[in-house]
Amino acid sequence: MHAGDLILASSILLSGNNFQKVATLAKFFKLPILSSSTFHRIQKTYLVPAIDRFWIQKQDEILMEFQNTDVIVLGDGRMDSPGHCAQYCSYTFMEYTSKKILCITTMDKRSTDRKSTNLEKACFIKGMQFFKDKGIKVVEVVTDAHVQIASVMKKEFSDIKHSFDVWHGTKNLGKKLTKISQEKENKGLIVWIKDIVNHYWHTAEVATTKEEFQDVWYGVLHHVVNEHQWSVPFANSTVSNSCQHGPLEDGAQSKDYLKKGSPPHNALRKIAMDKRLVNNIPYYLNCRSTSELENFQNLILMYASKRHSYSPPVYRARNRLAALDHNAHAEREVMQNKDGSLRWQRSYNKKTSRWSVHPVKADKKYSYIPDLIRQIVISRIEDDIGMNRRRELEADDPRRISAHLAPVPPPSTRDIVANQISRFESLNKTIKFWTTEGQ
């Protein structure tokens, strides 16, 4: 094998590219490179195994840092395609303080009886079992309000605290408020949505018990009708029976207050005191957020696009590359201007019609890539057989269950061609018949 072919194939995969696009670029540039079959054989024989070994090595080094300590993890699942036709699910566990990826599991829907709706639950259980096997003491898990995950935590991991992501909670609250404010009689509620959502987030930050949460949260029902003190707190907690903001000057409020007992006020009361929302209060008392994990899910798109199909080992390897990328650059510093001030980048959100800023971090260095490529080259040098060997499927490879995703075995290509009738051919025959009959 030419060394250039091995290095080129390694660079294509490690950078998150797809061979088809690189091959098209080389074709336009009139640059001869390795063929598609050679690339995929190199990928299967050397690249994927090296990435797996390298990830396990780095993962063990990170897990050593959290031995004999109480660990809080953030968890979130990601499907490999939009809609309800997902084949793979990857579930990521991130350590709360350091924001490093501790575990990322991937599964194929053939492992869950071809039901993609069960993938996230299965991946979650697999990841929690991994922590148990490694001796990692997980004391709290933070996820979105996934019904199946909540059920698993109650039944199988009842000794671990389960919290919901407060960002998802406020987002869902905002959706409900927006929907109900679209009704004609509730138009006055629109201008208060942002403040109500912010108040819910503030309540999660300051409350330590369910009673305190209810007293602070229900204060919004008084505030929106210009009542800033009330006689008795709802849950009789230690929270004072008044708004927690300072004195309001006359004319300082730019919004029109709602009328007590009016349709928008009653609609707000119905949402604020919704039974499910009240029952979920204990999940928000620690005010945890999975925003960093959401950012990592976007990074996975660089390595595993939702518009491409991958074999199970390659999909797993690409997700692990994203985890290696994230962990290697988790502690990047924010860039500074010449005067020493932090550098910020503006962005405009069309949905909220607002400008926001985020810090500009230093460029990534990818310092781990030379070591990874070195391991790939060494694995080729020490290989006495070559790429023509017959490689067995891994023990947990879903292709052992079924070679196809379809629930029925495929007929031969010849039979499909023979039985396939084009709509246009059928239409042309019908038009020809009508024309002939008309003559």
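Give the carbon-plus-sulfur fraction of the accessible surface of the range 281-322 in %, rounded to a whole number; probe 1.4 Å, heavy atoms of protein chains only.
Carbon and sulfur: 46 percent of the exposed surface of the range 281-322.
Using Cα-Cα distances under 8 Å and only pairs 6 or more residues apart, what relative contact order does the range 294-352 have, in percent?
27
Given Cα pairs under 8 Å that are at least 6 residues apart, what percent is the relative contact order of the chain?
Worked out over the chain, it gives 17 percent.
About its Cα centre, how strong a charge dipole does the chain have in debye, to the nearest 20, once Lys and Arg get +1 and Asp and Glu get -1 at the Cβ?
Working: 64 positive and 48 negative charges, 338 e Å.
The calculated dipole for the chain is roughly 1620 debye.
Within straight cross-link reach of Lys179, meaning Cα distance under 22 Å, which lysines are found once same-chain residues fewer than 8 apart are removed?
In chain and number order, the partners are Lys171, Lys187, Lys194, Lys255, Lys259, Lys260, Lys270, Lys275, Lys350, Lys351.
Would you list which lysines come within 23 Å of Lys361, measuring only between C-alpha atoms, while excluding same-chain residues fewer than 8 positions from it?
Lys99, Lys100, Lys338
Once the Cα atoms of helix 3-14 and of the chain are each reduced to a long axis, what angle between those two axes, in degrees from 0 to 90 to the nearest 10, is obtained?
For helix 3-14, the angle is close to 20 degrees.
Which ³J(HN,Hα) values, rounded to whole Hz and listed in residue order, are derived for the range 109-126 from phi using the Karplus coefficients 6.51, -1.76 and 1.60 in 6.51 cos²θ - 1.76 cosθ + 1.60 with θ = phi - 60°, glycine and proline given as x?
With the stated coefficients, the range 109-126 comes to 5, 5, 7, 10, 6, 6, 10, 5, 5, 9, 5, 4, 4, 5, 5, 4, 4, 4 Hz.
Need one number: the % of Cα-Cα pairs in the range 80-162 sitting beyond the 23 Å mark. Provide the component values of the computation, followed by the final result.
Details: 722 of 3403 pairs.
So the pairs more than 23 Å apart make up 21 percent of the total in the range 80-162.
Taking amide H atoms as placed 1.01 Å from N in the peptide plane, list the residues 5 or more away in sequence, or in a different chain, whose amide H sits under 5 Å from that of Asp76.
Those qualifying (amide H under 5 Å, at least 5 residues apart or on another chain) are Thr92.
Can you give the helix-only mean residue ellipticity at 222 nm for the chain, where every DSSP H stretch with n ≥ 4 adds -39500 (n - 2.57) and the sum goes over all residues, rounded to the nearest 500 deg cm²/dmol? Mind dumping the intermediate values first?
On the way: 17 runs with 196 residues, N = 439.
Taking each H run of at least 4 residues, the total per residue is -13500 deg cm²/dmol.
Can you list the residues, at least 5 places off or on another chain, whose amide H is less than 5 Å from the amide H of Leu102, using H built in the peptide plane?
Phe93, Met94, Glu95
Quick one: with all protein chains in place, what share of the accessible area of the range 44-136 is carbon or sulfur, to the nearest percent (1.4 Å probe)?
Whole-percent figure for carbon plus sulfur exposure: 50.
Express the relative contact order of the range 114-164 as a whole percentage, based on alpha carbon pairs under 8 Å and six or more residues apart in sequence.
Result for the range 114-164 is 39 percent.
Show me the trypsin sites (Lys or Arg not before Pro) within the range 386-423 that DSSP assigns to loop and that have at most 11 other Cβ atoms within 10 Å of their Cβ. Walk me through the numbers on the way to the answer.
Values: sites: Arg389, Arg390, Arg391, Arg399, Arg400, Arg414, Arg423; in loops: Arg389, Arg390, Arg391.
Taking the range 386-423 and a limit of 11 other Cβ atoms within 10 Å, the loop trypsin sites (Lys or Arg not before Pro) found are Arg389, Arg390, Arg391.
Over the chain, with the other protein chains present, what is the accessible area per residue in square angstrom, probe 1.4 angstrom?
Each residue of the chain exposes 60 Å² on average to a 1.4 Å probe.
Any chance you could give the angle, 0 to 90 degrees and rounded to 10, that helix 291-303 forms with the longest Cα principal axis of the chain?
That helix lies at roughly 20 degrees to the long axis.
At most 11 other Cβ atoms within 10 Å and a DSSP loop assignment: could you name the trypsin sites (Lys or Arg not before Pro) in the range 10-77 that fit? Don't skip to the answer; put the middle values down first.
Values: sites: Lys21, Lys27, Lys30, Arg41, Lys44, Arg53, Lys58; in loops: Lys30.
Here the sparse-neighbourhood loop sites are Lys30.
Give me, ordered by chain and number, the residues 5 or more places off Met335 or on other chains with an amide H under 5 Å from its own placed amide H.
Arg343, Val360, Lys361, Ala362
List the trypsin sites (Lys or Arg not before Pro) within the range 311-353 that fall in a DSSP loop (any state other than H, G, I, E or B) and whose Cβ has at most 16 other Cβ atoms within 10 Å. If you can, show how the numbers build up before the last one.
On the way: sites: Arg316, Arg318, Arg320, Arg332, Lys338, Arg343, Arg346, Lys350, Lys351; in loops: Arg332, Lys338, Arg343, Lys350, Lys351.
Qualifying residues, ordered by number: Arg332, Lys338, Arg343, Lys350, Lys351.
The values are calculated or read from the model by the stated rules, or taken from the named source; none is laboratory data. It should be emphasised that the depicted structure is a prediction, and the values quoted were computed from it without experimental measurement. Neighbour counts run over all protein chains shown; Cβ positions are idealised from the backbone, glycine included. Side chains are part of the model used for accessible areas, which takes the heavy atoms of the whole protein and leaves out ligands, DNA and RNA. Shrake-Rupley method; radii C 1.70, N 1.55, O 1.52, S 1.80 Å.
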